[in-house]
Amino acid sequence: MTKHSTHSADWSDRLRVHGAVDLRAIDTSGTPGVLDKDAAEEIFDGTSRSLAKLQEKLFADSLSGGKRSVLLVLQGMDTAGKGGTVKRVAGPMDPQGITHHAFKKPTEEELAHPFLWRVEKELPAPGHIGIFDRSHYEDVLVPRVHELISSEELTERYAEINEWEKRLVEGGTTVLKVMLHLGRDEQKNRLLRRLDRSDKHWKFNPGDVDDRALWPLFQDAYEVMLTNTSTEHAPWHVVPADKKWYSALAVQQILDEALQALDLDWPPADYDVDEQRARLLAT
């Protein structure tokens, strides 16, 4: 690979989860697929133009009866860069074709329903790209770490998620899942930067420090989740996240490849183009 090039489908294949996952074996500061930041920015800018056109095609397709949509799921430890990645990747695209939802701690109403109930309500409509900043996977990660449900219930949830995602795919939704794999030292630096800047204090959550004490348990929960829910129809991708420029590029490339694979085209006009041109010229 040359310094300023990328190759179709390489990114998804390179970062995709296969078999049992050992997060310790994946370098959180790595940049597989690109040599440096300058090369990444050049690729990113070119793909931004591609993504904007592909998203417009997806939206236009839905106006003529198309049922396809895309769901991008982002998971990661606090400060992994989920929000910033969304801003960079989605920024060049038309906001009318983008939906975004960040799942928080379930409300009392949500807890009264099956755990996927609140997620169903936020799924992208045909023609849309939906982005989940945290997702239904919070309902297997947090319960495992804090032992809120039994191991049998967790196993049932993994199976339920797999079947649910399979139905989504069969219904026309492409499901893309990305774990932003952040290093513990880098997380500490990012949290310290939030405390050092008064304009970032609002982003700091004291609970994030508590969760750092549970880091090994969260890493274990992620490994089990990735291993049990990376399927042929909805695979997981693990993206090194210590370098924000790299994680944004990798997510962008995975999304672009998925849209390219839909082989979208512009819907044909449902009127006589020549006739309408003649009418217009006559005005």
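The values are calculated or read from the model by the stated rules, or taken from the named source; none is laboratory data. What you see is a predicted model; the values in this text were computed from it and never measured. Calculation scope for accessible area: heavy atoms of the full protein, side chains included, ligands and nucleic acids excluded. Shrake-Rupley method; radii C 1.70, N 1.55, O 1.52, S 1.80 Å.
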> Taking springs between alpha-carbon atoms closer than 10 angstrom, which of Glu109, Glu56, Glu186 fluctuates most in the Gaussian network model of the chain?
Replying inline: Glu109
> How much accessible area per residue does the chain have, in Å², with a 1.4 Å probe?
Replying inline: 52 Å²
> Which entry in (1) 73, 47, 41; (2) 120, 45, 32; (3) 59, 44, 33 matches Cα extents along the principal axes in Å derived from the coordinates of this structure?
Replying inline: (1)
>> Quick check on the chain: helices-only [θ] at 222 nm, where DSSP H runs of length 4 and up contribute -39,500 (n - 2.57) each and the sum goes over total residues. Nearest 500, please.
In response: -15000 deg cm²/dmol
>> Run the numbers for Leu280 and Tyr158: contour at 0.36 nm per residue of separation, minus the present Cα-Cα distance, in nm.
In response: 38.2 nm
>> For the range 195-283, take N as its residue count and report Rg(C-alpha) divided by 2.2 N^0.38 Å.
In response: 2.03
>> For a quick check, take a GNM of the chain with Cα springs below 10 Å and name the residue from Asp196, Asp45, Asp22 with the largest mean-square fluctuation.
In response: Asp196
>> Using 5 Å bins from zero, what percent of all Cα-Cα pairs in the range 1-146 falls into each bin?
In response: 2, 8, 13, 17, 19, 17, 13, 8, 3, 1, 0
>> Compute and list, largest first, the equivalent-ellipsoid semi-axes of the range 132-283 from the alpha carbon gyration tensor, each √(5λ) rounded to a whole angstrom.
In response: 41, 25, 14
> Rounded to a whole number, what % of the accessible area of the range 1-127 do carbon and sulfur atoms account for, probe 1.4 Å?
Replying inline: 52 percent
> What residue among Pro126, Pro240, Pro216 shows peak mean-square fluctuation when the chain is described by a Gaussian network model with Cα springs under 10 Å?
Replying inline: Pro216
>> For the range 127-168, I need the span (max minus min coordinate) of the C-alpha atoms along each principal axis, in Å, sorted largest to smallest.
In response: 39, 21, 7
> Rounded to a whole number, what % of the accessible area of the range 194-276 do carbon and sulfur atoms account for, probe 1.4 Å?
Replying inline: 49 percent
